[in-house]
1. Read phi for every residue in region 478-491 and hand back ³J(HN,Hα) as whole Hz from Karplus 6.51 cos²θ - 1.76 cosθ + 1.60, θ = phi - 60°, with x for Gly and Pro.
2. Add +1 for every Lys or Arg and -1 for every Asp or Glu among the other residues with Cβ under 9 Å from the Cβ of ALA495, and state the total.
3. Using the Karplus curve 6.51 cos²θ - 1.76 cosθ + 1.60 with θ = phi - 60°, what ³J(HN,Hα) values do you get for each residue of region 461-471, in whole Hz, with x for Gly and Pro?
4. Quick one: ARG482, ARG43, fewest Cβ neighbours within 10 Å first, how do they rank?
5. Could you list which residues have their amide H under 5 Å from that of VAL275, counting only those 5 or more apart in sequence or on another chain, with H placed in the peptide plane?
6. Return the distance in nm (one decimal) between the two label points of a simple spin-label model at ARG18 and LYS568, each offset 7 Å from Cα along Cα→Cβ.
7. For SER302, what is the net charge nearby, where nearby means another residue's Cβ is under 11 Å from its Cβ and Lys, Arg count +1, Asp, Glu -1?
8. Taking the highest mean first, how do the peptides 32-40, 278-286, 444-452 order by number of other beta carbon atoms within 10 angstrom per residue?
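Computed from the coordinates by the stated procedures, all read-outs in this text should not be read as laboratory data. Just so it is clear, the structure is predicted and the values come from calculations on it, not from any experiment. Cβ atoms come from the backbone with ideal geometry, glycine included; neighbour counts cover every protein chain shown.
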Amino acid sequence: MAALKKGKNASATSKPWRSLALILIAIVALTGGMFASGHTTPRLGIDLAGGTSITLAAVPEAGQESAINKTNMDTAVSIMERRVNGLGVSEAEVQTQGTRNIIVNIPKGTNSKQAREQVGTTAKLYFRPVVATELAAGGAAPTPSATGDGSEQDSGKDEATEKATDGASPSASGSPSASATTQGRAVTDALKADETPSASPSGKAGDTAEPAPSATGGPSGDDSKLQAQYAALDCTKESVRAKAGDGAKATDSTVACGQNSQGQWQKYILGPAAVDGTDVDEADAVLNTQTGAGWTVTMKFSDAGSKKFADITGRLAQQQSPQNQFAIVLDNEVVSDPYVSQALTGGNAEISGNFNQQSAQELANMLSYGALPLTFREDSVTTVTAALGGEQLEAGLIAGAIGLALVVLYLLVYYRGLSFIAIASLLISAALTYVIMSLLGPTIGFALNLPAVCGAIVAIGITADSFIVFFERVRDEIREGRTLRPSVERAWPRARRTILVSDFVSFLAAAVLFVVTVGKVQGFAFTLGLTTVLDVVVVFFFTKPLLTLMARRKFFASGHKWSGLDPKALGAKPPLRRTRRPAAPALSKEA
């Protein structure tokens with residue numbers, strides 16, 4: 001057993017180049033990925049790069065204090081993220097703080113006034129009839145299935161039915177990508193169809209807002225303008241999507257964008273709002289196992305909403321595709337466009353299609369948000385200029401440089417030649433930290449804020465501590481009278497245990513801090529945890545193999561006075577073998 005163990009150790013220590021080559025390859029690969037991604041610097045947080053931080057406090061309606069709960073707050077965060085992203089801000093942070101506050105951090109380069117208006121207002125949810133739709137790329141939109149079985153796997157649409165076994169929908173003979181003339185007639189017909197007094201029970205606020213149709217039936221000036229907007233609408237561009245339908249009231253017809261289940265962008269012409277989001281009492285994601293429809297979204301309407309919904313679905317059921325569809329529009333974006341085959345008069349409805357649990361829950365949350373008895377009050381707005389952020393970053397970097405210089409000075413004075421190994425290890429650790437932080441910005445949205453910089457500075461001491469533990473173990477072995485090469489191998493197991501325990505405690509503290517805190521403190525915890533993990537990687541794959549190689553060099557192996565391993569300076573004992581040899585004959589003679 002002893003021979004096997006010795007052979008294994010000899011094999012492991014004879015090829016330290018493997019570990020060094022592995023970590024160097026990893027650095028080269030990560031650096032290549034960093035340059036390939038185009039993000040060669042870490043993404044900076046608001047406190048360093050400048051920007052606006054908005055604190056919103058949830059305010060319930062009278063008698064609805066219980067509405068401030070985790071579900072509703074998470075739904076509000078989701079809606080606000082959609083709004084901010086709609087402004088073209090991909091680096092904004094929206095998160096809850098405590099039980100009733102939401103923090104919105106928006107980086108510089110964004111219209112802060114517009115952003116404050118977007119996140120501080122209640123969501124606008126409407127049910128609008130679809131007049132025309134087509135893929136944003138110019139092709140025809142997927143035609144809804146006419147089988148009536150609730151299956152939407154081929155169409156990419158959702159089916160709104162009172163129950164999953166409703167009859168088949170009308171034949172989808174209408175082309176969603178109709179000609180401009182046909183679309184113009186469709187727009188006119190859809191806008192004018194409900195102007196008679198008999199149509200007024202629909203409850204649409206804009207039923208009488210439109211001018212009477214012309215004698216020729218041609219499109220009016222407003223309709224022509226709407227058609228021109230529709231023709232020019234390119235929903236594949238984020239900047240265009242953000243402005244689609246701007247300024248349109250609930251009583252107006254409008255254009256909008258939305259994604260189908262294949263992830264393709266579609267553009268729409270939509271009629272005036274028929275049902276308001278506040279008419280939805282509740283919405284839930286339900287797994288329908290009885291009919292095999294899978295995940296569905298159920299809606300329950302208020303008394304007034306039930307009548308409105310029955311009227312609009314009754315009219316839509318008599319139309320051809322796509323005018324038998326209604327669009328669920330949240331903040332001017334279509335989140336679902338189900339079609340109907342009959343009037344839904346029971347005050348309840350079910351949207352079925354190719355949902356999974358996540359997509360069904362998302363739609364249910366959006367429907368619920370329209371009826372949330374919550375508004376948000378702007379508690380505070382903090383603006384950090386880029387100049388102030390630059391000063392903070394400069395101060396943080398100076399502090400880090402001072403800390404690093406003090407550590408290097410200590411290593412040079414106390415460890416002399418060994419300090420070369422420690423400094424090289426610190427440089428490797430710094431390179432890995434920088435590259436990984438640069439890559440984490442575009443991949444998971446990590447932003448380097450001032451607390452995160454503090455975490456990186458603290459990590460310098462943690463990393464240096466690992467080197468010191470290893471070096472002191474080696475020096476202890478030399479004090480016992482051993483030469484350098486066996487001292488390195490004997491010291492490593494004990495140093496390894498100490499390093500792992502120490503780093504585990506640091507990582508555990510960082511993980512707990514990350515979980516129980518929010519905002520900028522999480523940046524400190526994340527950086528501390530990341531650098532702690534990298535410390536283990538560097539010590540195992542760089543520091544130990546490099547010291548093994550250096551132990552073969554005469555400068556270190558001979559115990560040069562500038563190597564930091566001089567036996568005389570360390571007060572080494574005589575070699576252990578010389579003190580034990582005289583005892584062996586005496587024992588054998590007595591035996």
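1. For region 478-491, the Karplus-derived couplings read 5, 4, 7, x, 8, 7, 5, 4, x, 5, 4, 6, 6, 6 Hz, x marking Gly and Pro.
2. Working: positive: ARG473, ARG494, ARG496, ARG497, LYS544; negative: GLU472.
Around ALA495, the charge tally is +4.
3. x, 5, 5, 4, 4, 5, 5, 5, 4, 5, 4
4. Details: ARG482 22, ARG43 18.
Ascending Cβ contact count within 10 Å gives the list ARG43, ARG482.
5. Those qualifying (amide H under 5 Å, at least 5 residues apart or on another chain) are PHE127.
6. Roughly 4.0 nm, to one decimal.
7. Numbers: positive: LYS300, LYS307, LYS308; negative: ASP276, ASP279, ASP281, GLU282, ASP303.
Net charge around SER302: -2.
8. Details: 32-40: 12.3, 278-286: 18.4, 444-452: 20.8.
The peptides rank, most packed first, as 444-452, 278-286, 32-40.
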